[in-house]
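Chemist: Here it is: the structure, laid out below.
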Amino acid sequence: MAELPLKVHLTSHPIGLRMRRPSVYQDEKQRTWLHFVIETRGVLQVRLRQEDIPSGHIEFTINPLSSSTMPLLWTLQTGNQYLDCRCRFWHIVHHIKENGLEEMILELMDNS
């Protein structure tokens, strides 16, 4: 019988995420996170997926939307949100760990 995937909701988030190259962020523990921009009905969300990427092994095609809207740095704030270097707040929609990989979805808050 196949095992069911283990999905855990996390409450401990990276303190900071700094862009290291297009589409790749790095947290304070030197873990790399790939980002994907999702825009639905005027709502901007970013899906971050923690992946181990050896330095220089992956090349990305840069989406003009992501390169122009993505901040260079996110810093964790109180209340399940991040503040980016452009002084915009991003709400943590969810942060899960499934089958050993973390995924976090951030949503740009209306008042930002």
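Quick note: the coordinates plus some simple rules give every number you see, no bench work behind them. Only a predicted model underlies this, so the values are computations on that prediction, with no experimental measurement involved.
Chemist: Using amide H atoms built in the peptide plane, which far-off residues or other-chain residues are under 5 Å from residue 10 H to H?
Modeler: Counting only residues 5 or more places away or on other chains, the set is 95, 96, 97.
Chemist: On to the next question. Search the structure for amide H atoms under 5 Å from the amide H of residue 20, placed 1.01 Å from N in the peptide plane, and list their residues when 5 or more places away or on another chain.
Modeler: 25, 26
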